[in-house]
């Protein structure tokens, strides 16, 4: 039985070791934030962190992940407070949202090694495809997250669903029913 750390928890999978890590995460661990896009590694929707590196989970088998540490979008932050997640919202770099988990993972991997990336650094490290075309806003969001990680900026994006803006300390107006 392949075993690995998933979002800082030990997990043993009772699945064929040759299954793509993507399906082990989605079907075996019910971590559905990691998306199936193309199955060929071209789109990046299935990006996860494996030992801190952004990898396409459709291209790595469960056996290849054995003994390693995997972080999915669910493990990036439990309350969506990671600077990348907050910056993507603040810069309106999310449209349909399907590619967003993979983009957030790739951006988090970049910022872990370079918290002050240039436009070209972001474009090279976040190769994900987005049919909505958010690329200029995406670059701004990653750079903004980097500033937040360096303590140069505070991002006051919307809190996670179900959290009152007052409780989250965000500077967004509360929505009131008419």
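Values for this structure:
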{"read-out": "Calculated FRET efficiency for the pair residue 1/residue 96, C-beta based, R₀ 30 Å, to 0.05", "value": "0.25"}
{"read-out": "Overall form of the chain per C-alpha gyration tensor (a/c, 1.5; a/b vs b/c)", "value": "prolate"}
{"read-out": "Residue with peak Gaussian network fluctuation, the chain [Cα springs, cutoff 10 Å], from 73, 19, 105", "value": "19"}
{"read-out": "The chain, helix-only ellipticity at 222 nm - DSSP H runs n ≥ 4, -39,500 (n - 2.57), divided by all residues, nearest 500", "value": "-8500 deg cm²/dmol"}
{"read-out": "Cα-based convex hull, region 1-53, per residue volume (Å³, whole number)", "value": "84"}
{"read-out": "Most fluctuating residue given options 117, 127, 136, as computed from a GNM of the chain linking Cα atoms under 10 Å", "value": "136"}
{"read-out": "Residue among 154, 137, 14 with the largest mean-square fluctuation in a Gaussian network model of the chain, springs linking Cα atoms under 10 Å", "value": "14"}
{"read-out": "Sequence of 8, 116 once ranked by neighbouring C-beta atoms within 10 Å, starting from the fewest", "value": "8, 116"}
{"read-out": "Per-residue Cβ neighbour rank within 10 angstrom, fewest leading, 64, 120", "value": "120, 64"}
{"read-out": "Potential extension, residue 59-residue 16 segment - 0.36 nm per residue separation minus Cα distance", "value": "14.0 nm"}
{"read-out": "Ranking of 32, 100 by count of other Cβ atoms within 10 Å, fewest first", "value": "32, 100"}
{"read-out": "Relative pair counts by distance (%), Cα atoms of region 66-150, 5 Å bins", "value": "3, 16, 29, 27, 16, 6, 2, 0"}
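Here, each number is a calculation from the coordinates, and none is a lab measurement. Please read all numbers here as calculations on a predicted model, not as lab measurements. For neighbour counting, all protein chains shown are included, and Cβ atoms are generated from backbone atoms with ideal geometry for every residue, glycine included.
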